[in-house]
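Some notes on the structure that comes next.
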Amino acid sequence: MRRPLSLTLRLSLLFGIAATVVFSGLGWFIESSIERHLAAEDVSELEVVARAVDKALFTGLPHGGLASLRLRFDDILVGHHGASLNVTGPDGQTLYASSEPDLTALATTVATGNGSVRDWSEGNHTYRVLSRRLRDSTPSDEDFYNITVAVPIDHHLRFIDGFRYTLWFLIACGIAITSLMGWFAVRQGHAPLHDIVTRIRQISANELGTRLSPETLPREITDLAVSFNEMLGRMEEDFIRLSNFSADIAHDLRTPVTSMMTQTQVAISRMRTVDEYREILYSNIEEFEHMSQMINDMLFLAQADNGLEKPSIADVDLAGEVHTLFEYYEAWAEERGVTQLLEGTATTRGDRLMLQRAMGNLLSNAIRHTPRGESVRMTLGTTDNGKIVITVENPGLEIPPEHLPKLFDRFYRIDPSRQESGTGLGLAIVKSIIDAHGGNIIATSSGGLTRFQIILP
């Protein structure tokens with residue numbers, strides 16, 4: 001796969017393209033403006049000559065006849081450097097013709113109308129030519145004069161060519177310099193990002209407490225720095241939690257393994273009765289069951305994280321499932337002096353075994369933390385908008401508010417130093433199951449009651 005262009009190069013190219021468009025447009029405008037200005041000057045000069053010829057023709061023939069008229073035309077051309085004139089009468093007679101250039105051919109192709117301006121080349125020279133038909137004061141439409149006036153524009157063309165070369169050379173230099181300045185500006189603008197990258201590369205597992213300083217960064221990347229700091233905070237918390245869990249899980253696994261090894265060594269140290277061997281094996285089975293449960297919980301969460309645990313949707317009688325759980329935990333609850341109570345009924349659609357496991361984890365957790373002589377209460381109900389609500393509440397020590405948002409984090413324990421039963425995965429499994437069903441779970445603790453509330457769609 002082709003690697004995308006760097007952000008610096010992209011912005012520099014865009015800056016260069018924008019500069020090219022702007023400078024090119026400006027160059028075209030300047031060049032066109034100068035060409036129009038020079039053309040307007042030429043046309044103005046041609047009009048001055050044409051009006052003078054018109055006045056000379058229709059103010060009366062001077063004394064001296066045609067010769068005097070031609071002298072008038074000579075005087076008209078004085079002051080108009082390089083201007084040429086051709087005048088033909090109504091009868092097609094040439095009244096006046098400049099020696100160079102020969103405008104006779106043009107005079108015979110005069111356009112009708114008030115006048116037309118064109119460019120005309122002869123040899124190595126280019127002229128701007130005005131052709132006009134002038135009518136006499138007589139009523140006859142056939143009485144008219146044709147005049148053709150030409151001025152050389154070679155010097156204008158040479159000026160425009162030279163100016164065009166200089167202009168576009170300067171524009172090319174301007175585009176190059178502007179693009180280079182744009183690249184430099186982009187590089188300087190990205191300097192804070194490079195600094196952030198350098199600092200991030202210096203962060204290791206032992207330096208997760210390092211934080212970026214948003215107040216020293218431009219406003220555009222302040223949010224990036226804040227988000228990165230928040231991510232580092234979460235990583236640090238997860239790292240600490242995983243470290244604590246690693247120690248806990250190692251202890252939880254080492255304890256039953258050590259116990260089974262010790263019992264086995266003692267068992268084989270001397271001959272024992274069948275009943276004694278059976279007792280040792282039963283004890284080992286309990287340890288194996290504890291280890292198996294721990295492994296199953298870890299496997300379930302791993303599969304849930306990868307989307308492998310998908311619920312099988314069917315109608316579930318929640319009250320029936322709760323009664324099944326009550327029967328399962330009855331002996332343990334009686335041993336701890338805890339009463340199990342159920343209020344309400346509800347039916348939902350979901351995976352029966354997964355929902356049973358979620359409610360069982362909450363129920364066992366409640367029984368474990370309920371003082372002797374108290375009751376664990378489960379309530380089933382439906383909200384006004386048709387959502388199912390499952391509530392598990394128990395009396396006991398309140399959970400500090402700062403711990404409530406973290407209760408469903410895997411491996412989380414309120415007091416890591418306390419040797420509590422379990423692995424800290426029970427509530428994480430509950431949340432994973434509820435999330436898979438598109439629901440939500442809320443934990444509250446106040447007034448001597450701890451309450452877990454599941455809301456299912």
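Is there a residue being farther than 30 Å from ASP161 by Cβ, of a type outside the set (Gly, Ala, Ser) and modelled with pLDDT of 75 or more anywhere in the range 17-26?
Checked against the condition, which is being farther than 30 Å from ASP161 by Cβ, of a type outside the set (Gly, Ala, Ser) and modelled with pLDDT of 75 or more, the range 17-26 yields no hits at all.
Is one or more of the residues making up the range 98-111 at pLDDT 75 or above, surrounded by 16 or more Cβ atoms within 10 Å (Cβ to Cβ) and over 16 Å from LEU46 (Cβ atoms)?
no
Condition test on LEU449, is it of a type outside the set (Gly, Ala, Ser), at pLDDT below 85 and under 24 Å from LEU325 (Cα atoms)?
Spelling it out, it is not the case that LEU449 is of a type outside the set (Gly, Ala, Ser), at pLDDT below 85 and under 24 Å from LEU325 (Cα atoms).
Output yes when any residue across the range 145-159 is assigned by TED's automatic domain parsing to the domain that holds ILE30, modelled with pLDDT under 80 and not in a strand (DSSP E or B), and no when none is.
There is no residue in the range 145-159 that is assigned by TED's automatic domain parsing to the domain that holds ILE30, modelled with pLDDT under 80 and not in a strand (DSSP E or B).
Could you check the range 350-400 and list, in sequence order, the residues that are crowded, with 18+ Cβ neighbours inside 10 Å and of a type in the set (Ser, Thr, Tyr)?
SER364, THR370, THR391
In the range 72-90, which residue that is part of a loop (DSSP other than H, G, I, E, B) and out of contact with any Phe, Trp or Tyr (no Cβ under 8 Å at 6 or more places or on another chain) is farthest from GLU100 (Cα to Cα)?
GLY79
Please determine whether any residue of the range 285-296 is at pLDDT below 80, surrounded by fewer than 13 Cβ atoms within 10 Å (Cβ to Cβ) and outside any helix (DSSP H, G or I).
Within the range 285-296 (the criterion being at pLDDT below 80, surrounded by fewer than 13 Cβ atoms within 10 Å (Cβ to Cβ) and outside any helix (DSSP H, G or I)), the answer is no, since none of the residues qualifies.
Under 28 Å from ASP409 (Cβ atoms) and more than 24 Å from the chain's Cα centre (by Cα) - does that describe any residue in the range 214-231?
No: zero hits.
Here is a yes/no grid of residues against (1) in a helix (DSSP H, G or I); (2) at pLDDT 90 or above; (3) of a type in the set (D, E, K, R):
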residue	(1), (2), (3)
VAL322	yes, yes, no
LEU325	yes, yes, no
GLU335	yes, yes, yes
MET354	yes, no, no
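Conditions tested, residue by residue: (1) outside any loop (DSSP other than H, G, I, E, B); (2) outside the structural domain of SER121 (by TED's automatic domain parsing); (3) surrounded by 11 or more Cβ atoms within 10 Å (Cβ to Cβ).
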residue: VAL21; (1), (2), (3): yes, no, yes
residue: ILE30; (1), (2), (3): yes, no, yes
residue: ARG36; (1), (2), (3): yes, no, no
residue: ALA50; (1), (2), (3): yes, no, yes
residue: LYS55; (1), (2), (3): yes, no, yes
residue: GLY92; (1), (2), (3): no, no, no
residue: TYR96; (1), (2), (3): yes, no, yes
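The values are calculated or read from the model by the stated rules, or taken from the named source; none is laboratory data. Only a predicted model underlies this, so the values are computations on that prediction, with no experimental measurement involved. Cβ: placed from backbone, ideal geometry, glycine included. Neighbour counts: every protein chain shown.
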